[in-house]
Structure formats: C-alpha cells, structure tokens
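Please treat every number below as a calculation from the coordinates, not as lab data. Please read all numbers here as calculations on a predicted model, not as lab measurements. With ideal geometry, Cβ positions are generated from the backbone for all residues, glycine too; neighbour counts draw on all protein chains shown.
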Amino acid sequence: MRKIGFISFTILLIAFLAGCGSSAKETSGSSEKPVKVVATIAQIGDVVENIGGDHVDVYSIMGPGTDPHLYNAVQGDIQQMTEAEIIFYNGLHLEGQMGEIFEEMRQDKPTIPVAESIPEDKLLADPESPEVSDPHVWFDIELWKYAAESIRDGLSKLDPDNKETYEKNTKAYMKELDELHAYAKERFNEIPEESRVLVTAHDAFNYFGKAFEFEVMGLQGLSTESDYGVNDIQRIIDVLVERNIKGVFVESSVSERSINAVVEGAKEKGHDVSIGGELYSDAMGEAGTEEGTYIGMFRHNIDTIVEALK
C-alpha cells in the first residue's frame, strides 16, 4: 500500500477525526463492548490482550518481519488509530516515522508511550548518541513489567468498570514473566562465560545483554537506519576469531546481508562460524504461533541462543 506523505496524511487525518472521532468516544468506559485498542508493535499488543482479556479488541499495526524504525503509516493504520479508543506505542523514538501522528492522536484520545514509564536511570543510552535512550526495553523482562503496568493503568482509567479485572490479569501476567526470567537464567547457565557473546545485525539486544550477562555486538546501531562499513565487519570478525565464537545470529526483521558478510569474512581468516539461528528482535512471529506472543518469542530466542553457543 502507498505510504502517506505529510500533506496527504494531514488531509486524511482531519477527515477521519471529523468523521470517526466522536463515534469512537461513545463506547469509552462501556462494559458492553470491548475497548478498541491500537498498539504499534505486536509485543505491546500481546501484553494488552493478556491484561485486557475479553474486555479489549486489539489491533497491532506492525506484524511479523516489520522494522519499526523504518515503518511509515498507511491509510489503514490511520483509520484504525482514529477509530480506536486508546493507543499504546513504545516510544523512545522506536517508531521514528510516526511521531507527528501520535501528537495528533493525543489531542483526541489517550495515546500512551509505554516504555517511557520506565525510570530514566534504568534506561540504557545509545553509545553513539548518549542523549538518546535505547528503545528495545522488552528484552529486559523486569523493565517490561513497567510497560505492562502502564497498559494496566491506561485501560483502568479509560474503563474503570473493569479495573479489577485488569489488575487481576496483570498480576497473573507478572507471574508468567517471573517464570520466563527464571527459565532464561537456568538455560543460560549452560553456556560457558567466555562464549556469552551475542552477535547480531543491529544493537537490539543491549538490555538483554545487561540482564543476562552477555556481551552484545551489532553491526549497526540502535536503529536499522544506521550505516555499517568494512571496519564494522572487521571489528566483529576479529572478536569471533580471538574468542573462538562459533555462532552469530540473524534477525527476523533485518536483512541477512550484513551477518552473511561477517560469516564469509571469518571463513577467509580460517575461522568457521555459522548462523546460529534466527532471533526475533524488533518484531515477533506469526499470530497464532508460540513465537507470535511475547513470552513465546522470548523463549524461542533463549533456546536458539543456548543451542548455538553452549
């Protein structure tokens, strides 16, 4: 579908707000119909479904294989957000092309950046731009709890009749997150400390590395818009050879080209390194599969990393 330019987007947005905005508000707080929710990334949409249960109708804009750093809204997205009663997005500049849209939507309905509920002292900075925070917070399970609480609070304020249910579901989901964290710790103990080096296409896993004591190396920066060059490839190759790392990883939402260059470069130096598997980074798996849920995606990543590096 054709991407929306600034002028055409503004015209379309005004039309939708005029035609649809009032009807969306009429159902706010109603227990008769589910609350219409729009989430940007599917990780957020999955949490909304877990907390909201039958009381929410969730539409996630970005599906499998979608890169949120580069995503531009299309007409269907604008319509979904206009008709929604509440919007949840990550924030911290993850959805870098959609900032103006969120500002417009915020004038008409709750539009909540869930990652920005995390205390600033817990956020990691972009090494290349220290004033910018790393947006990939879902890879630290403890930090993702803040996002869940933000979703709970947003739904409870909009729909107070079901606040008790949202609180109950959040507690149950927090328990599942605790179990996931314990599973990760147990499995990662299978990997020798010297082999805990995670090499991927871009720096999506820094929170993961801090939480589980991995050294994380990406060819590109925090955004897939960042460039990489021969020196970046050589830097990664040198580490692989020096530390005898056997596996590197591709990402489901990023081209394999950069990682394949690393593999080939290592081979030229006499070091055999293989693709350890595909990790879910900025996007989850197909809806209806285990990897199409936040917990299932995370477990997939855990198991894939352990099997490649242990």
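When you restrict to C-alpha pairs under 8 Å that are six or more residues apart and normalise by the size of the chain, the relative contact order lands at 17 percent. Residue by residue, segment 293-308 carries 3J(HN,Hα) couplings of 10, 4, 5, x, 4, 5, 5, 4, 4, 4, 5, 5, 5, 5, 5, 7 Hz when phi is fed to the Karplus relation 6.51 cos²θ - 1.76 cosθ + 1.60 (θ = phi - 60°); x denotes Gly or Pro.
Computed over segment 254-294, the P(r) curve from all C-alpha pair distances, binned at 10 Å from the origin, holds 26, 36, 24, 13, 1 percent per bin. For the chain, the longest piece that avoids every one of the GluC sites (Glu not before Pro) found in DSSP loops with at most 12 other C-beta atoms within 10 Å covers 33-127.
Helix 230-243 and the long axis of the chain differ in direction by around 60°, with both axes built from C-alpha atoms. Around the amide H of GLY277, modelled in the peptide plane, lie the amide H atoms of VAL250, all under 5 Å away and 5 or more residues distant in sequence or on another chain. Placing a pseudo-label 7 Å from each Cα along the Cα-to-Cβ vector at GLU264 and GLU164 gives an inter-label distance of 6.4 nm.
On full extension, the segment bounded by ASN72 and VAL230 gains 53.9 nm, given 0.36 nm per residue less the C-alpha separation. Computed from the C-beta positions of ASN244 and ASP121 and an R0 of 35 Å, the FRET efficiency is 0.45 to the nearest 0.05.
For segment 113-183, rounded, prolate or oblate, judged on the Cα gyration tensor with a ≥ b ≥ c (square roots of eigenvalues), a/c < 1.5 rounded, else prolate if a/b > b/c?
Because a/c hits 1.5 or more and a/b fails to exceed b/c, segment 113-183 counts as oblate.
One Cα centroid belongs to segment 234-252, the other to segment 67-115; the line between them spans 36 Å.
Pairs from the table (LYS109/LYS145; LYS122/LYS267; LYS122/LYS171; LYS36/LYS175; LYS145/LYS246) lying more than 31 angstrom apart at Cα are LYS122/LYS267; LYS145/LYS246.
Amide H contacts of MET217: LEU198, VAL199, THR200, each under 5 Å away and 5 or more positions distant or on a separate chain (H built 1.01 Å from N in the peptide plane; Pro and chain starts excluded). 3J(HN,Hα) along segment 41-50: 8, 5, 4, 5, x, 5, 5, 4, 5, 5 Hz, from the Karplus curve 6.51 cos²θ - 1.76 cosθ + 1.60 with θ = phi - 60°, whole Hz, x for Gly and Pro. Distances between placed amide hydrogens fall under 5 Å for GLY247 paired with SER274, all partners being 5 or more residues away or on another chain.
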